[in-house]
Each structure stands twice: as structure tokens, then as C-alpha cells.
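A short worksheet on the structure shown next.
Only the coordinates and a few stated rules stand behind these numbers; no lab work does. Since we're looking at a predicted model, the values are computed, not measured. No Cβ is skipped: glycine too gets one built from the backbone with ideal geometry, and neighbour counts run over all protein chains shown.
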Amino acid sequence: MDITLSQCFIAVDDHDKALAFYRGVLGLQVRDDVGFEGMRWVTVGSPSQPDVAIVLEPPLAHPNASEADRRAMAELLAKGLLRGVIFSTDDCDATFEHIRAAGGEVLQEPVDQPYGVRDCAFRDPAGNMLRFNQPRRG
């Protein structure tokens, strides 16, 4: 059995702001931009990983969700309490400086972690945490 990652989902409250960050700052490609029933899904991905996609979706894109559920999800998103994504990079410090210079909200400056990576963390425009890992050498 061979299992590979195809897609992961990140909730965003403003797709245009999210695109400015994911495409404009991180350099990801836009693969799809789809609207359906007043909602929007934008798929982005790294040019070096054509088989892996990140779907930027509305905070609660479920047809049976109540208005209370939608409000609760929006509140969690605004607080930054939803899960994000961990990216790999070949230079954590340069990645950090690039994102910070572009106005990224810093959560953690680059640091060597005891589990073998050097990493840093930011929030995307919707509040999701994004980490950028570089395997430590030596």
C-alpha cells in the first residue's frame, strides 16, 4: 500500500488577503479558484510539489452547519486557534527574514528545536499558524 498526501485545508476569512500572502509572499502557485453557493475555495501549492495542494477554504464550508457553528468557527479562526501547516525550507533564517520583511506576523523567530529542526513561525492573514522547518545539519 502506498499512501501520499494530496491536499490539506486551511480556513481563511478573506481569500484575497490569503492569496496576497500565499502567492505573493510565499511564492505558491494558484492551481484552482472555485466559487460555489456564495463560497470560494482557492487551491495553492509549491511549484516543486505538484501533487500536494493546500486548499484555502471558508471557515466552515459544511452544508449542514448552523449559523451558530459558523460564528463559533469564525471566532476560533480570529483567535488563531485552528491548526495550520508546517513547511520545509532549505534556509530557515532567510525564509524568516523574507516573510518578516513582507509584513508577516511573527510568532517565533528562528530557533534550534530539540527534535532536530531549526524553525520559525508566523500567522497568515486569517490567523493560522504556519511553521517553517529546516533540518539541522550535524
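Packing, taken as the mean count of other beta carbons within 10 Å per residue, orders the peptides 8-19, 124-135, 69-80 from highest to lowest as 124-135, 8-19, 69-80.
Amide H contacts of Val12: Glu57, each under 5 Å away and 5 or more positions distant or on a separate chain (H built 1.01 Å from N in the peptide plane; Pro and chain starts excluded). Rounded to the nearest 20, the size of the Cβ-charge dipole of the chain about its Cα centre is 200 debye, with Lys and Arg at +1 and Asp and Glu at -1.
Expressed to the nearest 5 percent, the antiparallel share of DSSP beta bridges inside region 7-135 is 70 percent.
Seen against the Cα atoms of the chain and their longest principal axis, helix 92-101 is set at about 50 degrees. The protection proxy used here, the mean number of other Cβ atoms lying within 10 Å of each residue, ranks peptides 29-35, 117-123 as follows, highest first: 117-123, 29-35. The sum of -39500 (n - 2.57) across all DSSP H runs of n ≥ 4, divided by the residue count of the chain, sets its helix-only mean residue ellipticity at 222 nm to -5500 deg cm²/dmol.
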